[in-house]
1. Let me spell it out: the conditions are (1) closer than 14 Å to residue 145 by Cβ; (2) modelled with pLDDT of 95 or more; (3) not polar (S, T, N, Q), and residue 338 meets all of them except one. Which number is the exception?
2. Need at least 2 residues that are of a type in the set (A, V, I, L, M, F, W, C) and within 28 Å of residue 309 (Cα to Cα) per element, so show me which helices (runs of 4 or more DSSP H) inside region 11-127 make the cut, counting only ones lying wholly within it.
3. Since residue 151 meets every condition but one in (1) in contact (Cβ under 8 Å) with a residue 60 or more places away in the chain; (2) in contact with a Pro (Cβ under 7 Å, 6 or more places away or on another chain), which condition does it not meet?
4. Give the number of residues within region 209-226 that are open to solvent by less than 80 Å² (accessible area, probe 1.4 Å) and more than 24 Å from the chain's Cα centre (by Cα).
5. Can you pull out the helices (runs of 4 or more DSSP H) entirely within region 227-277 that have at least 3 residues that are open to solvent by less than 60 Å² (accessible area, probe 1.4 Å) and touching an Asp or Glu at 6+ places or on another chain (Cβ under 6 Å)?
6. Name the pairs: first residue in region 231-256 and within 12 Å of residue 166 (Cα to Cα) and modelled with pLDDT under 95, second residue hydroxyl-bearing (Ser, Thr, Tyr) and open to solvent by 10 Å² or more (accessible area, probe 1.4 Å), Cβ to Cβ under 8 Å, at least 6 apart or on different chains?
7. Which one of these is of a type outside the set (A, V, I, L, M, F, W, C), open to solvent by less than 20 Å² (accessible area, probe 1.4 Å) and touching a helix residue (DSSP H, G or I) at 6+ places or on another chain (Cβ under 8 Å): 19, 65, 72, 87?
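The values are calculated or read from the model by the stated rules, or taken from the named source; none is laboratory data. Remember, it's a predicted structure, so these values are computed and weren't measured experimentally. Every residue, glycine as well, gets a Cβ built from its backbone with ideal geometry; the counts of neighbours run over all protein chains shown. Accessible surface is based on the protein model in full, side chains and every heavy atom, while ligands, DNA and RNA are left aside. Shrake-Rupley method; radii C 1.70, N 1.55, O 1.52, S 1.80 Å.
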Amino acid sequence: MRYLEADYQGGEILTAKKGALGLVALNRPRVLNSLSHDMILDFGKALDAFEADPQVAAVLVTGEGERGLCAGGDIRMFYESGKAGDGKASHFLKAEYRLNARIAGFKKPYIVVMDGITMGGGVGVSSHGSHRIVTETTKLAMPETGIGFFPDIGATWLLSRAPGELGTWMGLTGEAVNGADAITAGFADWYVPQDRVAELLERIAALPAPALGQSIASTIRDYTVDGPKGIFSEGRDMIDRCFAFDTVEEIVAALEEEGGDLADRTLIAMRAKSPTSLKVTLRMLREARRSKDLETCLEREFAGTCQVVKVPDFYEGIRAAIIDKDRNPKWSPATLEDVAPESVEAFFVARDERLFG
């Protein structure tokens with residue numbers, strides 16, 4: 001949403017300056033600002049320019065349109081690239097993951113408004129930032145297990161560091177959470193009512209450059225309220241109990257024994273997902289817990305994407321979600337019991353090609 005008026009320039013990535021703020025706006029509102037390869041490259045160039053500009057003390061990231069910040073990457077391109085074997089999907093992911101690391105290491109305050117749909121790649125360009133604002137419209141998710149994929153964009157690092165097993169629940173179910181839950185899980189920092197965001201950002205833009213970096217957090221706090229309770233307020237204990245196991249089968253058994261509305265809804269959500277993706281995701285999350293930094297997790301995720309395009313579930317998941325839109329994927333294999341250990345292991349073979357170093 002356009003919160004600040006400024007002289008924006010560009011195409012799928014718009015940039016401008018207002019006061020000491022460098023502004024970046026994702027500009028594909030008809031497709032919920034889904035990221036294209038060119039967008040990612042231009043986003044990185046904008047960060048480079050603003051980081052080098054002594055007149056810019058912080059960066060603000062928003063999404064154009066009324067529906068959300070960003071729905072993720074261009075998965076139709078993934079589908080077509082995988083079918084063609086042209087390598088475009090790999091080039092896209094390499095650029096995206098490097099951008100995620102760039103955001104996490106950005107040397108100036110990185111403010112992002114995560115209103116509306118903030119999913120997949122949208123989480124990647126927001127939750128790695130330093131000052132993350134949610135509103136009553138926020139719907140945050142990593143829904144990749146529903147398309148035969150696994151949480152990427154460095155999400156395994158974020159999910160594995162959520163309190164208790166909240167990240168395990170988010171990664172396996174792919175369910176959307178509200179702004180309050182996003183804060184609880186460590187994906188965001190402040191809840192600001194949407195009708196006060198513009199005033200807040202105008203105040204930040206009016207701060208003098210020398211003081212802006214030190215004053216952002218206190219200024220945001222002036223507008224922060226407690227958001228409405230979400231799933232985690234009622235279900236934290238159940239989630240921590242049932243998702244503490246290191247196999248998906250044990251998690252499912254614990255949920256079946258637990259019973260209750262949230263456990264039942266969680267089982268329904270998981271049973272709709274790719275069994276292979278569930279097992280790969282859980283392994284990714286457990287490996288991430290033992291990892292030293294974001295870059296290590298991104299390298300592991302990048303290696304795993306090489307296998308994604310070799311298995312049928314990815315194509316079936318995309319077909320059901322955006323090609324035929326029947327929402328009825330036929331997974332292969334169809335059950336957790338039929339997922340062979342070696343088929344999971346194939347996602348964890350190191351690649352010669354690396355993202356960093």
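1. Among (1) closer than 14 Å to residue 145 by Cβ; (2) modelled with pLDDT of 95 or more; (3) not polar (S, T, N, Q), residue 338 violates only (1).
2. 37-52, 75-84, 88-104
3. (2)
4. Here the count works out to 8.
5. Per the criteria, 231-242.
6. Hits for this filter: 233/184.
7. 72
Residue-wise test of (1) within 25 Å of residue 141 (Cβ to Cβ); (2) in contact with a Lys or Arg (Cβ under 7 Å, 6 or more places away or on another chain); (3) of a type in the set (Asp, Glu).
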{"position": "24", "(1), (2), (3)": "yes, no, no"}
{"position": "41", "(1), (2), (3)": "no, no, no"}
{"position": "44", "(1), (2), (3)": "yes, yes, no"}
{"position": "64", "(1), (2), (3)": "yes, yes, yes"}
{"position": "79", "(1), (2), (3)": "yes, no, no"}
{"position": "86", "(1), (2), (3)": "no, no, yes"}
{"position": "89", "(1), (2), (3)": "yes, no, no"}
{"position": "92", "(1), (2), (3)": "yes, no, no"}
